[in-house]
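Below is one structure, written out as structure tokens; comments come after it.
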Amino acid sequence: MKEKLQHILKSFEEDIKKVVTYDDLEKIRVEYLSKKGYIPQIMPMLREVPNEQKKEIGQLVNSVKNQIEDELKNTKQMLDMKEIEKNISNSEKIDITLPVDNNIGSLHPRTTIQKEIEDIFIGMGFSVEDGKEVETEYNNFDAVNVPKNHPARDMQDTFWLDNGELLKTHTSASQNRILRKYNGPLKAIFPGRCFRNEALDHSHENTFFQIEGMVVDKDVSVANLIFFMKEMLSLVFKKDIEVRLRPGFFPFTEPSFELDIKCPFCNGKGCSTCKNGGWIELCPCGMIHPNVLRNGGLDPEQYSGFAFGLGYDRLVMMKGNLNDIRLLNSGNLKLLKQFGIK
Ligand code: DAH
């Protein structure tokens, strides 16, 4: 029986070498392992083997059977690999002579600028917070000191939902939630999409973007605000920026300022970007109103802070030399090309 087994194994080794197709493989499997195959057929002979050899021969049968199974499996894997290689070299081949499609897409220039600004703030120790687009009336208005019937509500008409919520008109809508989250000192920015229901023209869009910032601590002063804004804007414009503050009015800050920068494109001499004025109105800001701190759960006797709201669509427009804000939401490919995006 031993010789018979060795003979079977030897002829199997020869047969398996000749396998080229899955059919060949299946034929061999049937020949050796199916019910009428060589291995099952040899089993009854085990009965005739003398008892003292049964163990040894039994083990031999098993090991030959295992070897045959293993080799069938390996050969199947080899055929699979060949099949894949064949597919790659035939139908799935990439034709590198085809013309290249240059329209591969990219980030919107606004997103690129937003990420740059976020990085600058992260470098200054700020956290970047998420804001919501659908907000409560309370967060958007009341919490930032704009009660019902306040005239400032007229300037920020928006889109109202049936459930009484609204599309936020400014990133200041997140101030309350963030004050409550930190309940103490904080340095945070929160970029976001804002909405207003207003007539559109080259400088007004119903959908635009702001980055709001807040710094809250003990003894924060206007001096801190001015120093900080100058540093931050110099990093954004990658050059030393001169700032000037004019008095402004916002219900959520007291005092409130309109912050202008000396035009970084003409150094204040006058050009089309600064409309020959030499200065660009850029970033409203101010010291956070005590009511806003109180609504956020902080004691204004203990804490103070400043806030600002940077409409960075303006920055994108300056960078791309655009004169119409509506282009930014237009999906116009020519516009992207203007930013060097293919
Ligand atoms: N929320 C204001 C707006 O959209 C912008 C603003 C002004 C934000 C002054 C501030 C601020 O944080 O201090 O018109």
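The values are calculated or read from the model by the stated rules, or taken from the named source; none is laboratory data. Model, not experiment: these values are computed from the prediction. Using ideal geometry, Cβ is built from the backbone for each residue, glycine included, and neighbour counts are taken over all protein chains shown. Remember, those area values only see protein heavy atoms, side chains included, never the ligands or the DNA or RNA. Shrake-Rupley method; radii C 1.70, N 1.55, O 1.52, S 1.80 Å.
What is the Cα centroid distance between the range 168-239 and the range 1-46, reported in whole angstrom?
When both Cα centres are located, 79 Å separates them.
Can you compute the FRET efficiency between Lys148 and Ile104 using 1/(1 + (r/R0)^6), with r the Cβ-Cβ distance and R0 = 35 Å? Round to the nearest 0.05.
My answer for the efficiency is 0.10.
Give the residue list of GluC sites (Glu not before Pro) in the range 88-171 that are DSSP loop and have at most 10 other beta-carbon atoms within 10 angstrom.
Those that pass, being in a loop and sparsely packed, are Glu92.
Show me the trypsin sites (Lys or Arg not before Pro) within the range 1-98 that DSSP assigns to loop and that have at most 16 other Cβ atoms within 10 Å of their Cβ.
Those satisfying the criteria are Lys18, Lys35, Lys36, Lys93.
In Å², what does the accessible area per residue of the chain work out to with a 1.4 Å probe?
Each residue of the chain exposes 58 Å² on average to a 1.4 Å probe.
Okay, helix-only estimate at 222 nm for the chain: each DSSP H run of n ≥ 4 adds -39500 (n - 2.57), divide by all residues, round to 500 deg cm²/dmol; what do you get?
Numbers: 12 runs with 139 residues, N = 342.
Mean residue ellipticity at 222 nm (helix-derived): -12500 deg cm²/dmol.
Please give the length that would be gained between Ile96 and Lys115 if that part of the chain were fully extended, namely 0.36 nm times their separation in residues minus their C-alpha to C-alpha distance (nm, one decimal).
3.4 nm
Helix by helix, which DSSP H runs in the chain go 18 Å or more along their axis at the Cα atoms and have an average Kyte-Doolittle hydropathy of 0.5 or more?
222-237
In the chain, which Cys residues have no partner Cys with a Cβ closer than 4.7 Å?
So, Cys194, Cys283, Cys285.
For Ser203 and Ser272 in the same chain, what is the full-extension length gain: residue separation times 0.36 nm, less their Cα-Cα distance, in nm?
Details: separation 69, 0.36 × 69 = 24.84 nm, distance 1.49 nm.
Taking Ser203 through Ser272 to full extension adds about 23.3 nm, to one decimal.
In the range 217-260, which chymotrypsin sites (Phe, Trp or Tyr not before Pro) fall in coil by DSSP and have 14 or fewer other Cβ atoms within 10 Å?
Numbers: sites: Phe227, Phe228, Phe237, Phe249, Phe252, Phe257; in loops: Phe249, Phe252.
Sites meeting the loop and neighbour criteria: Phe249.
No solvent, one uniform scatterer per C-alpha: report log10 I(q)/I(0) for the chain via the Debye equation at q = 0.08, 0.10 1/Å, two decimals.
-0.55, -0.68
If the chain between Met124 and Lys2 were fully stretched, how many nm would it gain, using 0.36 nm times the residue separation less the Cα-Cα distance?
Numbers: separation 122, 0.36 × 122 = 43.92 nm, distance 8.16 nm.
My answer for the length gained is 35.8 nm.
Looking only at the range 144-183, which residues have a backbone nitrogen under 16 Å from a spot 7 Å from the Cα of Phe249 in the C-beta direction?
Under 16 Å, as judged by backbone N against the label point of Phe249, lie 145-147, 149-156 of the range 144-183.
If you place +1 on the Cβ of every Lys and Arg and -1 on the Cβ of every Asp and Glu, how big does the dipole about the Cα centre of the chain come out, in debye to the nearest 20?
I would put it at about 680 debye.
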